[in-house]
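Below is one structure; the comments refer to it alone.
The values are calculated or read from the model by the stated rules, or taken from the named source; none is laboratory data. Note that the structure is predicted; figures quoted are calculated from it, not measured. Every residue, glycine among them, receives a Cβ derived from its backbone with ideal geometry; neighbour counts consider all protein chains shown. To get the accessible areas, we keep the full protein, side chains included, count just its heavy atoms, and leave off ligands, DNA and RNA. Shrake-Rupley method; radii C 1.70, N 1.55, O 1.52, S 1.80 Å.
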Amino acid sequence: TDRQTDRQTDRQTDRQTDLTISDTKMLQGLSVLAMVFLHLFDRLDYANLYQPLLYFKGYPVVFYFAQLSDFCVMGFAFCSGYALTKLYRQYGKKKYIKSRMKSLFWLLINFWLILFLFTIISVIIGNGTQMPESILEFIGNFTTVRVTYNGAWWYLFIYILLVLMSPIVFENFDKIPATAVALGSFFIYLTAYYVRFRMGGYGWLLEKYGTFGMTFFEFIIGYLCYRGKWVQKVKSWRDTKNAVMCGILGIMLLVGMLWLHTLVIRSLFIAPLTGLMIIFLFLLWEKPVWIKKIFLILGRHSTNIWLIHMFFYLYIFKNLVFKAKYPLLILTFMLGITIVVSTGIKFILAKLKMINKRSDAA
């Protein structure tokens with residue numbers, strides 16, 4: 001099972017300061033939690049949707065956390081960049097490519113299960129004019145080339161592209177100084193940000209370049225983190241400092257980012273910076289066991305939560321989760337629904353994998 005695999009791998013790496021599978025799962029859990037928080041509460045037109053309980057300087061407190069939650073894509077891209085670099089180094093190019101093709105195949109099967117499930121639900125409840133709408137629209141979504149049914153699906157095409165390009169990227173970037181890699185990918189980020197937010201409506205290629213270029217830089221941050229052993233270095237630094245002082249410093253940094261990102265720089269542009277700081281604060285945090293369990297659960301369901309959560313507040317079941325009225329209840333309701341649905345999807349996927357394994361053995 002996933003849990004047994006996590007424990008076995010962590011036993012082998014518990015003497016290392018590298019990221020374990022559990023660390024990565026928890027980071028994915030943090031990232032998907034941030035995604036849900038961003039999509040639900042990064043708005044000031046909340047009057048008819050939910051009732052905030054706490055305010056600061058005229059804004060709901062949840063809005064501050066929602067603003068900071070725009071690192072969610074950065075979190076996923078960072079985990080991918082780090083983990084894929086590690087696998088590439090461990091497997092070698094040939095075995096790496098084979099394993100990634102298999103992984104992408106099952107990711108697409110997972111996605112297609114969700115696509116067909118919610119298309120059927122949409123037709124049953126009389127929403128067929130929106131989903132599937134037409135054969136061409138369905139094909140566009142099925143291939144991930146042009147997604148219109150769910151806004152969060154844009155990352156699927158970009159992720160597939162990153163994985164397909166990764167062997168070439170790793171092979172060539174390993175020969176280039178890390179500083180040059182960082183500066184070059186940051187330049188791509190700058191141009192992509194301009195294209196994405198300053199040149200809207202200029203066609204499919206530019207649209208994809210905008211999202212790909214920004215995500216590519218965040219992916220490369222994960223690559224550089226593994227290559228430069230940043231996690232090891234930061235943990236070694238932490239171990240030489242007073243734990244209480246480190247905790248106070250971490251809280252100050254978090255509060256500072258909440259204030260800066262909401263009241264001073266309310267822009268997605270700084271998400272890689274704030275995201276990297278949040279990732280390291282999260283990794284350095286000595287989390288209680290129950291906190292770890294929560295983030296591990298979120299991490300194991302993160303792919304499905306990402307792919308389905310928008311259906312329960314924006315598309316098919318519009319504003320459903322907002323019926324819970326208060327932010328904490330809304331968030332709990334959303335996570336509860338998506339995890340239940342995800343459990344069913346994972347069950348079906350496991351059965352398909354079992355059938356595939358039997359057919360391969362035969």
Restricted to the stretch 314-351 and to residues being modelled with pLDDT under 95 and in contact with a helix residue (DSSP H, G or I) (Cβ under 7 Å, 6 or more places away or on another chain), the residue farthest from LEU117 (Cα to Cα) is PHE317
Flagged pairs (Cβ under 9 angstrom, 6 or more apart or on separate chains; first in the stretch 178-197, in contact (Cβ under 8 Å) with a residue 12 or more places away in the chain and at positive phi; second of a type in the set (S, T, N, Q) and exposed (fewer than 13 other Cβ atoms within 10 Å of the Cβ)) are none
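Yes or no, residue by residue, for (1) assigned to a helix (DSSP H, G or I); (2) over 28 Å from LEU108 (Cα atoms); (3) of a type in the set (Phe, Trp, Tyr):
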position: TYR193; (1), (2), (3): yes, no, yes
position: PHE212; (1), (2), (3): yes, no, yes
position: THR215; (1), (2), (3): yes, no, no
position: LYS241; (1), (2), (3): no, yes, no
position: LEU258; (1), (2), (3): yes, yes, no
position: ARG266; (1), (2), (3): no, yes, no
position: PRO272; (1), (2), (3): yes, no, no
position: PHE280; (1), (2), (3): yes, yes, yes
position: ILE291; (1), (2), (3): yes, yes, no
Matching residues, the stretch 232-270, being under 25 Å from ASP18 (Cβ atoms) and either among the small types (Gly, Ala, Ser) or touching a residue at least 12 places away in the same chain (Cβ under 8 Å) (or both): GLN232, VAL234, LYS235, SER236, ARG238, ALA243, CYS246, GLY247, GLY250, LEU253, LEU254
Return yes or no: is ILE158 in contact (Cβ under 8 Å) with a residue 12 or more places away in the chain, buried (at least 18 other Cβ atoms within 10 Å of the Cβ), among the hydrophobic types (A, V, I, L, M, F, W, C) and assigned to a helix (DSSP H, G or I)? yes
For the stretch 50-91, enumerate the residues that are open to solvent by 30 Å² or more (accessible area, probe 1.4 Å) and part of a loop (DSSP other than H, G, I, E, B). GLN51, LEU53, LEU54, LYS57, GLY58
Which pairs turn up if I take residues in the stretch 131-150 that are free of Cβ contacts under 8 Å to residues at least 60 places away in the same chain and look for partners that are assigned to a loop (DSSP other than H, G, I, E, B) with beta carbon separation below 6 Å, at least 6 apart in sequence or on another chain? GLU137/THR148; PHE138/PRO132; GLY140/ARG146; ASN141/VAL147; ASN141/TYR149
Within the stretch 292-313, work out how many residues are open to solvent by 20 Å² or more (accessible area, probe 1.4 Å) and either more than 15 Å from TRP153 (Cα to Cα) or over 17 Å from the mean Cα position of the chain (by Cα) (or both). 8
Are any residues in the stretch 200-231 open to solvent by less than 50 Å² (accessible area, probe 1.4 Å) and modelled with pLDDT under 90, and if so, which ones? GLY203
LEU273 vs (1) under 25 Å from VAL62 (Cβ atoms); (2) within 20 Å of the chain's Cα centre (by Cα); (3) buried (at least 17 other Cβ atoms within 10 Å of the Cβ): all pass except (3)
Looking at the stretch 21-76, which of its residues are among the small types (Gly, Ala, Ser) and modelled with pLDDT under 95? SER22, ALA47, GLY58
Within the stretch 105-116, track down each residue that is open to solvent by less than 70 Å² (accessible area, probe 1.4 Å) and closer than 15 Å to TRP153 by Cα. LEU107, LEU108, ILE109, ASN110, PHE111, TRP112, LEU113, ILE114, LEU115
Are any residues in the stretch 162-172 surrounded by 13 or more Cβ atoms within 10 Å (Cβ to Cβ) and over 11 Å from THR85 (Cα atoms), and if so, which ones? LEU162, LEU164, MET165
What number of residues within the stretch 34-67 satisfy the criterion of being over 19 Å from PHE219 (Cα atoms) and in contact (Cβ under 8 Å) with a residue 24 or more places away in the chain? 21
Positions within the stretch 195-210 being more than 21 Å from the chain's Cα centre (by Cα) and assigned to a helix (DSSP H, G or I), in sequence order: VAL195, ARG198, TRP204, LEU205, LEU206
Going by the structure shown, is THR332 open to solvent by 70 Å² or more (accessible area, probe 1.4 Å), assigned to a helix (DSSP H, G or I) and either acidic (Asp, Glu) or closer than 25 Å to LEU156 by Cβ (or both)? no
Residues of the stretch 113-128 being more than 17 Å from SER342 (Cα to Cα) and within 24 Å of the chain's Cα centre (by Cα), which ones? none
Count of residues meeting criterion [in contact with a helix residue (DSSP H, G or I) (Cβ under 9 Å, 6 or more places away or on another chain) and part of a helix (DSSP H, G or I)] in the stretch 123-155: 8
